[in-house]
């Protein structure tokens, strides 16, 4: 199966190798807003990775092994007691996090973290439970997700079908993304108890889609369509429409490339620009994507195919969260690759 794509760069339009029946190039606009138009909610975060929100309370993971609770202007850094030794490798640590649907009663959440043994490094998916102002690992759902030097994936979300979806990077071993017997280079789908759903596309496997390099964001539109953001190799970043059982091509194709049997992206940064997209959220037929190397908050219009920078003056951006018409995001300038300024990293809000 082959799909069309729109290739775009932030400073220039990039569309190559198009046939006459492909989507035509879109205009790339810079619509960034001044800092006075957003509001700072929390400061001095340490390499934050994932945002969750319940009512007026935020829960934000930090790669260093904490969950920051922000409530009524007060910030509490909560310790997380894990069963394994948290990895301090590049891009690793405490990553994805989502509150359980019954969190108010259970105080439970789902998390993804990288750990180290004496000789190996893996990722695992666990249930955490909040106890007063700390968390502890309560139950293991899935272990030994490959974790190389880079490309851990790590996003965790609960879909409209009440299944747990998890992005797993290729662990710096590209060929595994095409191997259905491995967990790396995949988007995984499981029941909330960690079991494999009967309706997964590949019987007895967690694999929902494959052929991914390093997907770090997943979201759904109001009609249930799933989208994901993915880091390309030296540019070639992707925004994909995710369909169960489909192959997204890595490492055989990427970016603008097309080949029968593989799904090409809806949007790509092209060969000249890099977004390094991470968290992603849907609102009003648009996708809002956190860009790390792109140091911007990007808006992808699914109807017009236009791409805009709506924020570009706060540095690296790791995750986004939308509630009603309010967009929240966290910067990631303290992750070792940015240039932190005073009070970084920060949680912001902006009315759309």
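Worth a mention:
Let's see how each residue does on (1) surrounded by fewer than 20 Cβ atoms within 10 Å (Cβ to Cβ); (2) outside any loop (DSSP other than H, G, I, E, B); (3) at pLDDT below 95; (4) touching a strand residue (DSSP E or B) at 6+ places or on another chain (Cβ under 8 Å):
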residue	(1), (2), (3), (4)
20	yes, no, yes, no
41	yes, yes, no, yes
46	yes, no, no, yes
80	no, yes, no, yes
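- Residue 148 meets the conditions (1) under 20 Å from residue 171 (Cα atoms); (2) crowded, with 20+ Cβ neighbours inside 10 Å; (3) out of contact with any helix residue (DSSP H, G or I) (no Cβ under 8 Å at 6 or more places or on another chain) in every case but one. The failed one is (2).
- Residue among 139, 124, 213 that is part of a strand (DSSP E or B), under 20 Å from the mean Cα position of the chain (by Cα) and at pLDDT 95 or above: 124
- Scan of the stretch 88-126 for residues that are in contact (Cβ under 8 Å) with a residue 40 or more places away in the chain and over 25 Å from residue 158 (Cβ atoms), ordered by number: 89, 90
- Residue 349 meets all of the listed conditions (1) part of a loop (DSSP other than H, G, I, E, B); (2) more than 24 Å from residue 167 (Cα to Cα) but one, namely (1).
The values are calculated or read from the model by the stated rules, or taken from the named source; none is laboratory data. Note that the coordinates shown come from a computational prediction; the quantities given were computed from them, not determined experimentally. With ideal geometry, Cβ positions are generated from the backbone for all residues, glycine too; neighbour counts draw on all protein chains shown.
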